Amino acid sequence: MDIANTPASPDTTATLADAPPEPKDPPVIRREDYKPFPWTIAKTRLDFELGLEKTRITSKLSVAPNEQAETSDSILLNGDGIEPLAISVDGEAVNDWTMQEGNLVLPLSQAAHELEIVTQIDPSANSQLMGLFASNGMLCTQCEAEGFRRITFFPDRPDVLSTYTIRMSGPKDKFPVLLCNGNNTDSGENADGTHWAEWHDPWPKPSYLFALVAGQLVANSDTFTTMSGREVELNIWVREADLSRTDHAVESLKKSMKWDEEVFGREYDLDLYNIVAVSDFNMGAMENKGLNVFNTKYVLADPETATDGDFDAVEGVIAHEYFHNWSGNRVTCRDWFQLSLKEGFTVLRDQLFSQDMQGEAVKRIEDVRILRAAQFPEDSGPLAHPIRPDSYREISNFYTATVYNKGAEVIRMMRTMAGEERFRQGTDLYFDRHDGEAATCEDFVTAIEDGASLDLEKFRQWYRQAGTPKVSVSLDHEDDTALLTLKQTVPATPGQPDKQPMPIPLRLALFDRESGKHDGEELVVLDEAESTLAFSGFAKPPVLSINRGFSAPVSIDREVSGEDLVFLAAHDDDPFARYEATQDLAVRHLVAAASGDGLSEEARGLGRADILKAFSSTLADTSLDDSMRGELLSLPGQTYLAEQIEQADPGRIQDEREGLKTWLGQQLERELVSLHERATEVPFGFSQEARGSRKVKTAALIYLAASNPELASKLAAAQYEAADNMTDRQGALAVLSGLGTAARTDKLIDYHRRYKGNELVIDKWFAIQASSLHPSVLEHVKALADHPDFTIKNPNRVRSLYMAFAASPHAFHAVDGEGYRMIADLILALDPINPQTAARFVSPLGRWRRIEEGRSAMMREQLERIVAAPNLSRDTAEQVTRSLG
Ligand code: TRP
Ligand code: ZN
């Protein structure tokens, strides 16, 4: 609908909910079509008159022709669900503007101009949580990727950098705290009970980094002195009741600032760093310049209400957003196809930080587990895309595990090939060369190439090609030589039927069987389809340890005996490889058992016996710390197992995996009970030892729950009762929630009563029940959806109930298709409220091609039901169409 020359009446409030329905087939945006914007916006001045239901924005833009672009006789300013109430150019009201698909088009002569545009919005009606929205009585923005256009008309693209000066005013009782990017330059009060503040951000930035917050907030404040001696004021803003849970966030921020100076040479560049926590948020957090906005989940933590995992997640996300100040803000993205430029790099940076804070081995294992559970399935499914996509319809759909996590792995490979020192020279050059610019992935690769002296010509394929490469490995032995043959294939993905070989850096070691030692690790870069390497000096066939440290994000397909894997599980000095050997034993066994004709009793016995050997040595090895022991005791996840099978039967995978747990629990009952006892003796603390003991405590219960439910129920109930921290309490409750014992109901009721009113803990209460192994989980989830504490408006609550459910195979994949129907119902109900969050639920259904026929048809049916719905959002429509594709 084009509205030409409609003089909008000044008292119209364009509610965001009134936006016209999206066309069924939204246009495709292509990377190759990039063109610079014809205008520059040197200065942006915004005046916000704030109100929960009515906020008026007056925008003044200093516009001039962009010498670097083709000229244009008009300017297109993006808008989404807003209308201009008044427009003037150089002080003169104009009315020769038009609207094109929500955007404002204004004729403009080739000269510098001052534009002034007034808009008005209703933040309380903004349920999408993009643009300016209300959350618990406070006002808050989220502009990445394309939310700024829901506030005011602007070239809402990351390559238009502007210097922002903001004035904001509003009722002082409702909004005592007024925050924006940069520095607070002035403030004052008016006689009518309103007050105002002015903010100036000296660093030019794209609109997606704009942020504004107004509300009743209190701060946990501190200072940090940077390497050049600048004192920075730090504030973590929260609701008063949450203040006592912010110390960990403050500490995490200071550690991040210090680490980035030491490891990447990056210093903070403003005198103020504000973080605000909000309860209603689509994602984890947002790196707005000098004013990060966080989901409360990644700010608040104390031992009573947060698990060790929550503490680590807060530390990791605080670091992530802080690191964006350089990798994202000082150097930003030219267009959204370059998203991995900032996200892949920043994820790598936060992973390296967390490795330094928490221990390298365990953090690496966790990151690989996330990659395999979230990114591998993406890469092998209908939504597969390169880390630098070629096209999209809705950019929000491309904030994916591929862009983030695989993107980080790709840069990690460059670091592995260059070595730490040369990699640092590469990143120094990148920051130096592109500071203040909107850059591309190609710019990044070139800077690493130049700075680290690496030839990355072929390596660029990692940015172009989707799909997880498979490396087939075989090891032969002749005389005193070991011959290693490596073959790579990159699978076909949607739109990419043929693939080129890519350079794959593989760290490897060859162990002598007798001594259990090797003569040093090698780095081999496989950059052809196939290559054979000879290693001499081995009188007997060595044991191969390959892709150590998970040096490349590939899947390894190798012929290896159970005996060799048991050897590596006990002897490998690379902790990841040791973990991997144990995992491999379980993966092979479970995949064989759950696919095709299953296993003969003999093969089943042999497979189990090897796993038992590995588990026994894990339990007995006194040189291991408990954090690592906990990792080694975890079985491969069901999604990862399903991934290994062409057409998986989730029910069988579940049965086999549970069966293995039961058997291991029976075989190792004595050891597991004594591990639980030993760990229970360790008093609460944040040391590695104490954290490790909490991890193995619950790990032991998980096996016992499968083998001896009565005993496990008793131990778990006792652990729950005695708990002086959330890790123990939640671990025990999660185990209990899968059991049919009386303690289950007791403790679930107790937990709810104990933590009533604490949103984040109640989220856990929903998630624990939705992901439990209990046979009635479907009924439980249906009942929970009607619970007074459930609301579809809050993304954390929706995710805690339904993401946990969709990730729980025995519930989601219920044989009668009820799980699929529930997720489809949710998508349809949520789409009109919050399309970004709704679209995230499509991918579990999108796996239909890889699931056995009966279920597959029912999954497809639900996707077809969704796509047939009227007025589907661009977000959901794109994901469903691609999934059916
Ligand atoms: N850039 C943010 C990050 O990775 C994430 C983000 C992108 C986001 N879009 C968002 C957060 C929308 C909330 C809402 O750190
Ligand atoms: Zn990020």
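The values are calculated or read from the model by the stated rules, or taken from the named source; none is laboratory data. Keep in mind that this is a model prediction, so the values were computed, not measured. Positions of Cβ are backbone-derived with ideal geometry, glycine not excepted, and every protein chain shown enters the neighbour counts.
I'd like to verify a number: residues in region 161-173 that are surrounded by fewer than 21 Cβ atoms within 10 Å (Cβ to Cβ), farther than 19 Å from Phe148 by Cα and touching a strand residue (DSSP E or B) at 6+ places or on another chain (Cβ under 8 Å), how many?
2
Of the numbered conditions (1) at pLDDT 95 or above; (2) crowded, with 18+ Cβ neighbours inside 10 Å; (3) part of a helix (DSSP H, G or I), Ser616 satisfies every one except a single condition; which is it?
Evaluating Ser616 over (1) at pLDDT 95 or above; (2) crowded, with 18+ Cβ neighbours inside 10 Å; (3) part of a helix (DSSP H, G or I) leaves (2) as the failure.
Would you mind finding the one in Gly436, Gly426 that is among the small types (Gly, Ala, Ser), free of Cβ contacts under 8 Å to residues at least 40 places away in the same chain and either touching a Pro at 6+ places or on another chain (Cβ under 7 Å) or not assigned by TED's automatic domain parsing to the domain that holds Leu526 (or both)?
On the way: Gly436 fails: free of Cβ contacts under 8 Å to residues at least 40 places away in the same chain.
Of the residues listed, the single one that is among the small types (Gly, Ala, Ser), free of Cβ contacts under 8 Å to residues at least 40 places away in the same chain and either touching a Pro at 6+ places or on another chain (Cβ under 7 Å) or not assigned by TED's automatic domain parsing to the domain that holds Leu526 (or both) is Gly426.
For region 316-338, give me each residue that is closer than 26 Å to Ala69 by Cα and near ligand 2 (Cβ under 9 Å from one of its atoms).
Ser327, Gly328
Conditions (1) within 24 Å of Ser244 (Cα to Cα); (2) touching a residue at least 24 places away in the same chain (Cβ under 8 Å); (3) of a type in the set (A, V, I, L, M); (4) not in a loop (DSSP other than H, G, I, E, B), marked per residue:
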| residue | (1), (2), (3), (4) |
| --- | --- |
| Thr680 | no, yes, no, yes |
| Pro683 | yes, no, no, no |
| Lys697 | no, yes, no, yes |
| Ile768 | no, yes, yes, yes |
| Ser772 | no, yes, no, no |
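Is it the case, given these coordinates, that Ala313 is over 21 Å from Asp763 (Cβ atoms), within 16 Å of ligand 2 (Cβ to nearest atom) and either of a type in the set (A, V, I, L, M, F, W, C) or assigned to a loop (DSSP other than H, G, I, E, B) (or both)?
No.
Conditions first: (1) surrounded by 23 or more Cβ atoms within 10 Å (Cβ to Cβ); (2) modelled with pLDDT under 95. Thr741 passes all but one, so which condition is the exception?
Just one mismatch for Thr741, condition (1).
Within region 572-591, is there a residue that is more than 30 Å from Arg415 (Cβ to Cβ), among the acidic types (Asp, Glu) and not assigned by TED's automatic domain parsing to the domain that holds Arg507?
There is no residue in region 572-591 that is more than 30 Å from Arg415 (Cβ to Cβ), among the acidic types (Asp, Glu) and not assigned by TED's automatic domain parsing to the domain that holds Arg507.
Would you be able to say whether some residue in region 257-273 is outside the structural domain of Gln358 (by TED's automatic domain parsing), more than 16 Å from ligand 1 (Cβ to nearest atom) and under 22 Å from the mean Cα position of the chain (by Cα)?
yes
Might you check whether a residue that is surrounded by 24 or more Cβ atoms within 10 Å (Cβ to Cβ), under 30 Å from Gln730 (Cβ atoms), within 11 Å of ligand 1 (Cβ to nearest atom) and not β-branched (Val, Ile, Thr) occurs anywhere in region 301-312?
Filtering region 301-312 down to residues surrounded by 24 or more Cβ atoms within 10 Å (Cβ to Cβ) leaves 301, 306.
Checking which are under 30 Å from Gln730 (Cβ atoms) leaves us with 301, 306.
With within 11 Å of ligand 1 (Cβ to nearest atom) added as a condition, the list becomes none.
Taking every residue of region 301-312 in turn, none turns out to be surrounded by 24 or more Cβ atoms within 10 Å (Cβ to Cβ), under 30 Å from Gln730 (Cβ atoms), within 11 Å of ligand 1 (Cβ to nearest atom) and not β-branched (Val, Ile, Thr).
Can you name the residue in region 140-164 that is in a loop (DSSP other than H, G, I, E, B) and among the hydrophobic types (A, V, I, L, M, F, W, C) and, of all such residues, is nearest to ligand 2 (Cβ to nearest atom)?
Among those residues, the one meeting the criterion is Ala145.
Being in contact (Cβ under 8 Å) with a residue 40 or more places away in the chain and within 27 Å of Asp564 (Cβ to Cβ), is that true of even one residue in region 448-469?
Scanning region 448-469 turns up at least one residue that is in contact (Cβ under 8 Å) with a residue 40 or more places away in the chain and within 27 Å of Asp564 (Cβ to Cβ).
Looking only at strands (runs of 3 or more DSSP E) that lie completely in region 24-137, which have at least 3 residues being at negative phi and either surrounded by 15 or more Cβ atoms within 10 Å (Cβ to Cβ) or over 38 Å from the mean Cα position of the chain (by Cα) (or both)?
Ranges flagged: 39-49, 55-65, 74-77, 86-89, 103-107, 113-121, 131-135.
If only one of Ser551, Ser536, Ser616 is of a type outside the set (Lys, Arg) and within 28 Å of the chain's Cα centre (by Cα), which one is it?
Numbers: Ser536 fails: within 28 Å of the chain's Cα centre (by Cα); Ser616 fails: within 28 Å of the chain's Cα centre (by Cα).
Step by step, each of Ser551, Ser536, Ser616 is checked, and only Ser551 is of a type outside the set (Lys, Arg) and within 28 Å of the chain's Cα centre (by Cα).
Taking only region 365-408 into account, find how many residues are more than 16 Å from Gly885 (Cβ to Cβ) and charged (D, E, K, R).
6
Tally the residues that are within 16 Å of ligand 2 (Cβ to nearest atom) and within 15 Å of Asp356 (Cα to Cα), restricting the search to region 245-290.
Counting residues in region 245-290 that are within 16 Å of ligand 2 (Cβ to nearest atom) and within 15 Å of Asp356 (Cα to Cα) gives 5.
Contact list please: Cβ distance under 6 Å, first residue in region 134-146 and touching a residue at least 12 places away in the same chain (Cβ under 8 Å) and of a type in the set (D, E, K, R), second residue more than 16 Å from ligand 2 (Cβ to nearest atom) and not in a strand (DSSP E or B), pairs at least six apart or on different chains.
Glu146/Asp156
May I ask you to list the residues in region 489-509 that are among the basic types (Lys, Arg) and assigned to a strand (DSSP E or B)? Before the answer, list the steps.
If we filter region 489-509 for residues that are among the basic types (Lys, Arg), which is where we start, we get 499, 507.
The one that is among the basic types (Lys, Arg) and assigned to a strand (DSSP E or B): Arg507.
Across region 322-331, what is the total count of residues that are buried (at least 24 other Cβ atoms within 10 Å of the Cβ), within 11 Å of ligand 1 (Cβ to nearest atom) and at negative phi?
Result for region 322-331: 4.
Just to be sure I understand, how many residues within region 515-540 are in a loop (DSSP other than H, G, I, E, B) and touching a Lys or Arg at 6+ places or on another chain (Cβ under 8 Å)?
So the answer is 4.
Provide a single number: the residues in region 543-554 that are in a loop (DSSP other than H, G, I, E, B) and touching an Asp or Glu at 6+ places or on another chain (Cβ under 6 Å).
Taking region 543-554 and keeping what is in a loop (DSSP other than H, G, I, E, B), we get 547, 551-554.
Retained after the next criterion (residues that are touching an Asp or Glu at 6+ places or on another chain (Cβ under 6 Å)): 553.
The total comes to 1.
What tally of residues in region 343-395 results from selecting those that are surrounded by 19 or more Cβ atoms within 10 Å (Cβ to Cβ), assigned to a helix (DSSP H, G or I) and more than 16 Å from ligand 1 (Cβ to nearest atom)?
Matching residues across region 343-395 total 14.
Of all the helices (runs of 4 or more DSSP H) wholly in region 790-885, which have at least 3 residues that are small (Gly, Ala, Ser) and within 24 Å of the chain's Cα centre (by Cα)?
Counting at least 3 such residues, we get no helices (runs of 4 or more DSSP H) at all.
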